[in-house]
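Undergrad: Sharing a structure, written as structure tokens. Questions coming.
The values are calculated or read from the model by the stated rules, or taken from the named source; none is laboratory data. Every value quoted in this text rests on a predicted model; they were computed, and no experiment measured them. Cβ sites come from the backbone with ideal geometry, for glycine too, and all protein chains shown count toward neighbours. For the accessible areas, the whole protein counts, side chains as well, though only heavy atoms, and no ligand, DNA or RNA atoms are used. Shrake-Rupley method; radii C 1.70, N 1.55, O 1.52, S 1.80 Å.
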Amino acid sequence: TLVRPDTPLENVAQAIREHCNVYIACVVDDHGRLVGLVGLRRLADDLFFHIMPEEFLSEITDLEHVMDFADKSRMHTAADAMQEPVWVKRGETVKHAFKRMHDHRLSGLPLVDDEYHVVGYINLLELMAVCLECKVNSQETS
């Protein structure tokens, strides 16, 4: 799911909805290079923030929560909601992909080429399938 930085968050959510196995929107610049990611959780927070703001108000217990609430109220575009880009390149190991997903709390990663153009996507379930298949194959050859 590729979106531009100026894409409204409602449109980002719609784009993700159209790709049922993708939980990350890749934000790309004018040259198609990856500049950020918008995760499903961030989009859900934005949607529910506008539907049920009282749920978020109840979480405000200190200055950090006040700032978080203010940030949520200012999110309107992909650029407002995106996090730093995280990716995997062709040829990198399953271990590298899993570590990046785990470290950044992501359920999937874009696959990029050497110019950081998004050429694919891999999610955690697909990584698990690869690992399970390797485990089964190694048991069969033992």
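Undergrad: Looking at the range 86-97, I want the residues that are among the aliphatic types (A, V, I, L, M) and have a partner that is at pLDDT 90 or above and open to solvent by 50 Å² or more (accessible area, probe 1.4 Å) with Cβ atoms under 8 Å, at least 6 apart or on another chain. Which pairs are those?
TA: Val86/Arg100; Val86/His104; Val88/His96; Val88/Arg100
Undergrad: Write out, first by first residue and then by second, each pair whose Cβ atoms fall under 6 Å of each other, whose residues are 6+ apart or on separate chains, and whose first residue, in the range 9-33, is farther than 17 Å from Asp45 by Cα while the second is hydrophobic (A, V, I, L, M, F, W, C) and assigned to a loop (DSSP other than H, G, I, E, B).
TA: Pairs that qualify, where the first residue is farther than 17 Å from Asp45 by Cα and the partner is hydrophobic (A, V, I, L, M, F, W, C) and assigned to a loop (DSSP other than H, G, I, E, B), are Val27/Met82.
Undergrad: Taking Asp113 and the conditions (1) touching a helix residue (DSSP H, G or I) at 6+ places or on another chain (Cβ under 8 Å); (2) at pLDDT 90 or above; (3) not small (Gly, Ala, Ser), which numbered condition does it fall short on, given that it satisfies the others?
TA: Asp113 satisfies every listed condition except (1).
Undergrad: Of the conditions (1) open to solvent by 70 Å² or more (accessible area, probe 1.4 Å); (2) not in a helix (DSSP H, G or I), Glu140 fails just one. Which one is it?
TA: Unmet condition: (2).
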